[in-house]
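Below is one structure, written out as structure tokens; the observations come after it.
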Amino acid sequence: MENPEIEPMAAYTAQRVIDSLLHANQFLNFSNRDTQELKGIYLRFANDLLSLTKDAENAFREHYRKIREFLIRTNGQAIFAKYKENAHLFDVACAQ
């Protein structure tokens, strides 16, 4: 995590992922702390891919697991609980 070229890429990627998730579901909520945590996940992933200690397949598998855990921890419990009540989560009113 010491490579200074990787950090801006990880920050950009984390922000774009959060923007994409919010675009897909406006009811998700991410704090600045969550964004920093996601940045750390992407930093570790990039370093895993660049290091010789892990093969790419395992790095991708571990990264997927970390992203899934992140989403469940930050937003998943409430959404999954609502989904169990009713498969149709929310009506989204369009202003146009």
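The values are calculated or read from the model by the stated rules, or taken from the named source; none is laboratory data. The structure presented is a predicted model; accordingly, all values stated were derived computationally and were not measured. Because the Cβ atoms are built from the backbone with ideal geometry, glycine has one as well, and the counts that use them run over all protein chains shown. Please note that ligands, DNA and RNA were not included when accessible areas were found on the heavy atoms of the full protein model with its side chains. Shrake-Rupley method; radii C 1.70, N 1.55, O 1.52, S 1.80 Å.
Quick notes on this structure:
- Percent carbon-and-sulfur accessible area, region 5-74, ignoring ligands, DNA and RNA, probe 1.4 Å: 55 percent
- Exposure check, 1.4 Å probe, all protein chains in place: S51 carries approximately 40 Å² of accessible surface.
- Using a Förster distance of 25 Å, the FRET efficiency for R68-E7 (Cβ separation, nearest 0.05): 0.60
- Highest mean packing comes first when the peptides 55-62, 69-76 are listed by Cβ atoms within 10 Å, giving 69-76, 55-62.
- Averaged per residue, region 1-71 has 69 square angstrom of accessible surface, using a 1.4 angstrom probe with ligands and nucleic acids left out.
- The equivalent ellipsoid of region 1-74 has semi-axes of 23, 14, 9 Å, largest first, where each one is the square root of 5 times an eigenvalue of the Cα gyration tensor.
- Once the chain from S51 to Q15 is taken as fully extended at 0.36 nm per residue, the excess over their C-alpha distance is 10.6 nm.
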